[in-house]
Every structure is written in structure tokens, then in C-alpha cells.
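*Asks:* I'd like to ask you about the structure that follows.
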Amino acid sequence: MSDPEIQNDTIVAISTPPGRGGIGIVRLSGPEARAIAEPLLRLRNPLAPAQARYAEVIDTIGETLDEAVVTYFAAPASYTTEDVVEIASHGSPVLLDYLVRQCIARGARLAEPGEFTQRAFLAGRLDLTQAEAVSDLIEASTLHQARIAAQQLGGSLSRQIAPIKDQLITLIAALEAGIDFAEDDIDTLPAQEITNQISKIQAPLTALERTFSYGRIVRDGFTLAIVGRPNAGKSSLFNRLIERDRAIVTATPGTTRDLVTERVSLNGIPVELIDTAGLRQSTDEAETIGIAKSREIMAEADVVLLVIDATAPPHPEDEATIASLTTRPLLIACNKSDLTTTSSSPKTSRPTIETSALTGSGILELRAAILSQISSTTPTAETALLTNLRQQQAVSAALTSFAQARQAAAAEIPHEMILLDLYESLRALDSLTGATTSDDILHLIFSKFCIGK
Ligand code: GDP
């Protein structure tokens with residue numbers, strides 16, 4: 001994809017995952033898609049746009065290799081907007097490879113990762129946020145992630161940006177007109193009016209930028225480190241949260257020496273749970289290394305869950321842990337609540353939940369508290385989310401330029417200067433949807449796709 005602008009050749013790839021399966025799909029896109037595919041097939045009826053056809057896959061001497069269902073999409077009504085042919089045969093790697101090699105021998109080129117989607121983008125069928133959503137949808141590990149990606153693929157982010165951009169263009173046009181026709185006595189916009197208009201554009205954009213704290217977590221998940229003194233019940237709580245017996249639970253303090261990690265879904269958000277070695281002074285070398293590692297993990301995790309034994313009096317070690325995490329998202333689980341009615345917990349304003357890893361009481365509350373730690377805002381289903389850093393950076397750059405434009409307007413600086421900032425905002429918004437995005441960045445985005453998409 002050295003030159004994303006020139007793409008009029010025909011590409012081919014296996015679009016189903018590697019390995020054997022019931023069905024495997026070879027996809028062709030480009031002007032020769034049909035001409036390349038047809039000699040490989042014995043069709044009972046000729047290909048027709050958007051209709052599935054039964055066909056036999058044949059070898060070079062006309063012998064049958066397989067049966068397939070072939071679908072032809074005529075340009076521009078296809079995923080890429082080009083002619084597309086999809087051959088769905090049985091999922092045998094040998095056969096799929098054969099088909100791809102035959103297509104290449106007949107003039108097709110092996111598609112690069114993401115090239116089908118890139119063609120859809122370059123043809124204007126998808127904007128960049130939608131193309132990114134295709135990749136996110138494929139990568140989704142929970143249904144919630146898939147839903148958010150599907151909304152973005154449906155254009156939720158683009159729809160949110162469009163009216164903001166329209167308002168900006170109207171303002172730019174009004175300022176330009178004031179400059180162009182200054183001698184003709186056209187009224188120029190008063191400074192107050194300009195700042196008002198800029199504020200109106202800034203508000204929804206600022207709200208959109210705030211969605212990134214949640215959007216990032218939905219897409220990438222977060223890490224939760226479970227820390228605490230030996231025997232407080234960390235491994236037991238870990239197992240409760242993952243609903244399986246993965247971490248070793250024993251009655252001897254100091255057994256969880258290695259880190260045990262597990263990815264789980266909390267209300268559709270992927271969480272990497274890390275069960276750490278108990279925090280305490282130790283003379284055992286292996287355990288000391290484990291404890292050092294725990295402190296490291298604690299410093300890096302998005303949220304820390306400190307597990308405290310509710311049956312024991314408050315321990316200085318726990319208090320020290322709380323004191324060391326004043327600026328970090330921290331939750332405290334007062335565990336073994338089944339053993340005591342007067343659970344002892346350290347004096348702290350941090351959220352504290354009484355749990356019993358043994359009976360399961362308090363686990364629902366713990367899950368909810370973990371989620372509220374990672375994001376104070378859980379947007380409604382209709383809200384578009386910024387889900388990756390590229391999108392956030394574009395919105396943030398637009399906001400910076402808006403702030404500068406507003407300042408310039410308030411200071412009654414010549415409109416030419418305000419316009420410079422407004423054009424900068426426009427460029428930033430355009431880079432969000434991909435209307436103006438450098439080839440290097442495009443290459444980076446599409447190269448992360450799998451082949452065949
Ligand atoms: P860790 O060292 O902090 O990981 O603690 P473990 O999860 O290995 O638990 C230590 C001991 O406490 C084990 O015998 C557990 O069965 C017990 N335990 C853990 N949580 C609870 C709880 O909520 N109630 C009761 N009664 N026992 C628990």
C-alpha cells in the first residue's frame with residue numbers, strides 16, 4: 001500500500017480465519033474480479049449482482065475440486081464499491097490456497113492487511129472512524145465492545161461531528177465575507193457574536209472529548225490489581241470475580257508468589273485481573289521478589305483493590321498501602337464478612353465494600369464499585385464515543401484551536417488571525433473523519449487489520 005491513491009488493480013485474499021473450517025471464503029475486489037473468478041468455477045447459472053450462485057470449483061483440466069456458493073456484487077453496490085466476488089467453498093486450507101494462487105496467476109494481487117476496507121474508505125463509502133470500527137468489531141472480545149463498534153460503524157461519530165463542522169464552516173464563511181467585502185460596507189461580525197458562536201461549537205465537542213475516558217476503557221479494557229496482606233482472601237476474591245478456581249487458595253500465608261492474571265468481562269468491559277503476592281515483610285527470597293512485583297503492579301494498574309481481613313484489627317501495613325495510593329483509583333474490600341458482625345476496617349474515605357469470598361455476599365456491589373472507579377460517566381446507548389487515541393488527539397487539537405480563536409476574538413484581534421485558528425480546528429476535525437489524513441497515518445491504521453478485511 002505504498003501509494004493508497006492508485007488502486008485500480010484486482011486484489012484477492014482468504015477472508016475467513018486461518019485453519020480448517022466448515023466454510024472458507026476467498027474474496028476478490030477490483031475491475032477484473034469477475035473475469036478472474038469465472039474460469040475457476042463451473043456455474044449452473046451466470047453470476048448476477050447480489051445473488052448467490054451454486055458452482056463447482058474446478059482445476060485447470062476441469063475436474064471438480066469442491067462445491068461452492070459464489071456471490072457477485074457489482075460496483076458500486078459492494079463493500080469496496082468495486083466489483084466484488086466472494087467464493088464460499090469448504091474451509092480447506094489447501095483448496096483456499098489453490099483458489100488464491102489461481103487468482104494471482106490470472107492477474108489478481110494478494111491483498112494487504114485491511115486493503116478491502118481501505119478501498120471502501122478511499123472510495124468514500126466509509127469514513128476513517130467507520131473503518132476503524134470495522135477493525136474494532138473484529139477485535140471485540142465482549143458483546144458490549146461489539147455494540148459500541150457497530151454504532152461507530154453505523155456512523156455515530158461522524159453524525160456527531162457533521163453539525164459541529166457545519167457550524168464552523170458557517171462561521172468561517174461569515175468572517176471571510178467580512179474581510180473580502182470590508183470596503184463594500186458589509187457589517188463585520190462583532191467580537192461578542194464571534195465568541196458566542198465559538199462557544200456554541202465548543203460545547204458539544206468538549207462533551208465528546210470527555211467520552212474518551214469511557215471509550216478507551218470499553219475498547220482496550222483496564223487492569224485491576226488485587227493487593228493486600230497474606231491470607232486476607234485475595235485469591236478467593238479473584239476466583240469469585242472470574243467465577244472459577246484459578247488462583248491457588250490455601251490457608252498458609254504467602255502462597256501466591258507468582259502473579260496470576262485473567263481477563264474477564266465486567267458488564268461487557270474487558271478487565272485484566274491481577275492477583276498479586278501478599279504484601280508483608282518477608283525473609284523468603286522468592287516471596288520478597290513477589291512482593292516487589294506486587295508493588296510495581298500496584299503502581300501501574302488502572303484500579304487497585306485492597307483486600308483486608310475484616311476479622312483482624314486494622315493493620316499498619318494496610319494503612320500504609322492506602323496512604324501510598326492517595327492519588328490512584330482504589331477500592332477496599334473488607335473480606336470474610338461472614339465471620340464477623342463488627343467488621344473492622346481502616347479509617348478512610350475511599351470506597352469500602354464488605355465482601356465474603358466464601359458466601360459470595362457483596363460481590364455484586366464490588367463489581368459495580370470497580371466499574372464506577374474506572375469511569376464516572378457511563379454514556380447512554382446513543383452517545384457516540386471516542387474510542388482511540390487518534391480520535392481523541394484530533395478532537396483535542398480542534399478544541400485547542402477553538403480556545404485560541406475565542407481568545408483572539410475576545411481581544412478584538414484582526415479577523416484574519418482568528419480565521420487561522422478556525423481553519424486549524426477545521427483541519428483537526430477533518431483528520432478525525434479522514435477527510436484530510438496523511439498517507440502515513442492511513443497506512444498505520446489499515447496495516448493493523450487482518451488480511452482479507
Ligand atoms: P490470600 O493469601 O489473600 O490470597 O488469601 P486466600 O484467598 O488464599 O484465602 C486465605 C484463607 O482464607 C483460605 O483458607 C480461604 O478459604 C479463607 N477465606 C478467604 N475468603 C474468605 C471469606 O470471605 N470468608 C471466610 N470465612 N474465609 C475466607
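The values are calculated or read from the model by the stated rules, or taken from the named source; none is laboratory data. The structure presented is a predicted model; accordingly, all values stated were derived computationally and were not measured. Note that we place each Cβ from the backbone using ideal geometry, even for glycine, and neighbour counts take in every protein chain shown. We work out accessible area using only protein heavy atoms, side chains counted, and drop any ligands, DNA or RNA first. Shrake-Rupley method; radii C 1.70, N 1.55, O 1.52, S 1.80 Å.
*Asks:* Among residues belonging to the stretch 78-90 that are of a type outside the set (Gly, Ala, Ser) and not in a strand (DSSP E or B), point out the one that is most open to solvent (accessible area, probe 1.4 Å).
*Replies:* Only one residue fits best here, namely Tyr79.
*Asks:* For the structure I just gave you, tell me whether Ala75 is among the hydrophobic types (A, V, I, L, M, F, W, C), open to solvent by less than 70 Å² (accessible area, probe 1.4 Å) and over 17 Å from Gly452 (Cβ atoms).
*Replies:* Taking the combined requirement at face value, the residue satisfies it.
*Asks:* If you don't mind, another one. Answer yes or no: is there a residue in the stretch 360-377 that is on the phi > 0 side of the Ramachandran plot, surrounded by fewer than 18 Cβ atoms within 10 Å (Cβ to Cβ) and within 13 Å of the ligand (Cβ to nearest atom).
*Replies:* Looking for residues that are on the phi > 0 side of the Ramachandran plot, surrounded by fewer than 18 Cβ atoms within 10 Å (Cβ to Cβ) and within 13 Å of the ligand (Cβ to nearest atom), one finds at least one in the stretch 360-377, hence yes.
*Asks:* For the stretch 329-340, what are the residues that are surrounded by 16 or more Cβ atoms within 10 Å (Cβ to Cβ) and either over 18 Å from Leu241 (Cβ atoms) or modelled with pLDDT under 90 (or both)?
*Replies:* Once the filter is applied, which keeps residues that are surrounded by 16 or more Cβ atoms within 10 Å (Cβ to Cβ) and either over 18 Å from Leu241 (Cβ atoms) or modelled with pLDDT under 90 (or both), the stretch 329-340 yields only Pro329.
*Asks:* Which one of these is away from the ligand (no atom under 11 Å from the Cβ) and at pLDDT below 90: Arg257, Arg244?
*Replies:* Arg244
*Asks:* If you don't mind, there's one more thing I want to ask. If you check Leu237, Leu305, which single one turns out to be more than 11 Å from the ligand (Cβ to nearest atom) and either within 20 Å of Glu354 (Cβ to Cβ) or modelled with pLDDT of 65 or more (or both)?
*Replies:* Leu305
*Asks:* Checking Glu183 against (1) surrounded by 13 or more Cβ atoms within 10 Å (Cβ to Cβ); (2) at pLDDT below 90, which single condition isn't satisfied?
*Replies:* Answer for Glu183: the failing condition is (1).
*Asks:* Answer yes or no as to whether Leu399 is open to solvent by less than 70 Å² (accessible area, probe 1.4 Å) and modelled with pLDDT of 90 or more.
*Replies:* Considered against the rule, which asks whether it is open to solvent by less than 70 Å² (accessible area, probe 1.4 Å) and modelled with pLDDT of 90 or more, Leu399 comes out as yes.
*Asks:* Hey, another quick one. For residues that are β-branched (Val, Ile, Thr) and either within 13 Å of the ligand (Cβ to nearest atom) or outside any loop (DSSP other than H, G, I, E, B) (or both), scanning just the stretch 308-328, find the one that is most open to solvent (accessible area, probe 1.4 Å).
*Replies:* Here the residue is Thr311.
*Asks:* Tell me the residue from Ala203, Ala232 that is modelled with pLDDT of 90 or more and within 30 Å of Ala133 (Cβ to Cβ), please.
*Replies:* Sole residue among the options that is modelled with pLDDT of 90 or more and within 30 Å of Ala133 (Cβ to Cβ): Ala203.
*Asks:* Could you pull out the residue among Ala394, Ala435 that is under 21 Å from Ile161 (Cβ atoms), of a type in the set (Gly, Ala, Ser) and open to solvent by less than 20 Å² (accessible area, probe 1.4 Å)?
*Replies:* Ala394
*Asks:* Also, quick follow-up: If you check Ala120 against the conditions, is it in contact with a Gly (Cβ under 8 Å, 6 or more places away or on another chain), in a helix (DSSP H, G or I) and touching a residue at least 24 places away in the same chain (Cβ under 8 Å)?
*Replies:* No.
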